[in-house]
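Peer 1: Below is a structure I'd like to ask you about.
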């Protein structure tokens, strides 16, 4: 009985609702939601493109299609805002500027990082201060980049790179260090043969032995057949002679 009363009370409440007022409130909510979407699309499109014509197209798309138009806009809109593109380009330019001075030491060949005044490996001087303005400049430059003070009579056109012997020694030392590291840590890049490789070598060597032994076996079988053939001929001739003798006796 309690459940029936509860269900009947729900129906009575639903029957007492003013559907005209309910539809009016629902329509106002939908209209406000639609206006909010239109305003948001106009603002968001302005952050992603500077062309007014494209923004108007996006706006008309949402005005006439409402929710489906919003979904289409979210799919076709630019993935990045103008501000994001600007900061990404600025970061790229900054990294390019920071890495512009990257190179190798002219004495030992070690890699140099931005801001290095001396090589971290051999202590070779890379930059020096201008005697007039105190700015760090490349020691091979003829004039100061900041104040234009002449530092030397002529600039060094060619850098003195390490000779071939030094470079070969560095390469060999790097290889030895890598090999020792790999063998000590027993990583999956170890130089020794694995169980699968050893098993494959055993199978291949066994097949080679079988292949080499096959011709000798064939030769032995042929010789045996050749030795058996004369015996069979002799036996057949003897049988024929015996048969002929028996016929004569009869």
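Peer 1: How do the peptides 106-113, 86-93 rank, highest first, by the average count of neighbouring beta carbon atoms within 10 Å per residue?
Peer 2: Descending mean neighbour count gives 106-113, 86-93.
Peer 1: Rg/Rh for the range 24-99 to two decimals, with Rh computed the Kirkwood way over all alpha-carbon pairs.
Peer 2: Radius of gyration over Kirkwood radius for the range 24-99 works out to 1.20.
Every number in this text was worked out from the coordinates using simple rules, so none of it is lab data. What you are looking at is a predicted structure, and each value in this text was computed from that prediction instead of being measured. Heads up, the Cβs are rebuilt from the backbone with ideal geometry, glycines too, and the neighbour counts pull from every protein chain shown.
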